[in-house]
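S.K.: Let me give you the structure first, and then I'll get to my questions.
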């Protein structure tokens with residue numbers, strides 16, 4: 001059930017029609033066309049003709065064009081996805097959803113993935129993780145599997161899959177041992193939930209619900225609540241996770 005008012009908003013995501021203010025009910029199904037998180041219980045903006053449905057927070061936060069560290073040669077524009085994979089997390093960008101894209105280079109990135117460049121290290125309080133690109137082979141300090149091109153770096157010799165940062169270990173670290181800090185994350189790849197390797201690997205399910213873009217973005221959003229260094233990002237993702245059943 002959707003309740004709409006008569007307050008239109010001209011928004012770059014829909015050049016043909018204004019977006020109408022909407023209060024999505026708590027039994028509403030469907031995800032935001034930008035962040036891919038649930039709409040249930042949120043205020044939003046939408047156009048039924050064009051099948052565009054946005055959280056009010058996303059409509060106000062995400063800009064039409066951005067500069068992005070992983071593609072410095074060109075600006076990225078928020079456009080409807082042709083159905084490719086995100087160049088950062090290597091997961092689906094569903095056709096019709098919005099992604100930041102460089103059409104000429106075929107580079108696409110989820111809106112939430114643009115927030116992952118620099119975050120707090122959930123394993124080591126007081127340390128930061130920076131996303132870096134490397135063609136060198138190496139193994140993840142958490143799961144010990146091969147790293148893809150995009151990975152997190154904390155300090156020389158300590159690198160992580162993006163997924164291993166998003167799913168921190170439950171083991172309590174013992175002093176001084178890298179294995180004790182990162183060894184607890186082994187279950188991310190070999191435990192009951194199956195393989196979870198962003199950025200070149202796979203995220204499959206074993207005895208679990210199918211892994212959808214919405215579930216991946218929910219995991220990223222919950223990670224950003226804990227690890228974002230920007231107060232504006234923390235405020236946004238808290239709001240996006242607060243109103244629905246994500």
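A short reminder: the numbers here are calculations on the coordinates, not readings from a lab. Computed from a prediction, not measured in an experiment: that's the story for all the values here. All Cβ positions, glycine included, derive from the backbone under ideal geometry; neighbour counts span all protein chains shown.
S.K.: What order do you get for 152, 123 when you list them from fewest to most C-beta neighbours inside 10 Å?
M.R.: 123, 152
S.K.: Counting alpha carbon pairs within less than 8 Å and at least 6 residues apart, what relative contact order, in whole percent, applies to the stretch 25-92?
M.R.: 18
S.K.: With 10 angstrom as the radius, rank 158, 64 by how many other C-beta atoms surround their C-beta, starting from the fewest.
M.R.: Fewest to most other Cβ atoms nearby, the residues stand as 64, 158.
S.K.: Now, a different point. Can you give the FRET efficiency for residue 212 and residue 155, using 1/(1 + (r/R0)^6), R0 = 41 Å, r = Cβ-Cβ distance, to the nearest 0.05?
M.R.: The value I calculate is 0.75.
S.K.: Further, regarding this structure: Just subtract the alpha-carbon distance of residue 85 and residue 127 from 0.36 nm times their residue separation and send over the number in nm, one decimal.
M.R.: The residue 85-residue 127 span can extend by a further 12.1 nm.
S.K.: Quote the Stokes-Einstein diffusion coefficient, in whole µm² s⁻¹, for the stretch 2-61, based on the Kirkwood radius over alpha carbon pairs, a temperature of 25 °C and a viscosity of 0.890 mPa s.
M.R.: Approximately 220 µm²/s, per Stokes-Einstein.
S.K.: Sort 50, 154, 35 so that the residue with the fewest other Cβ atoms within 10 Å of its own Cβ comes first and the one with the most comes last.
M.R.: In increasing order of surrounding Cβ atoms, one gets 50, 154, 35.
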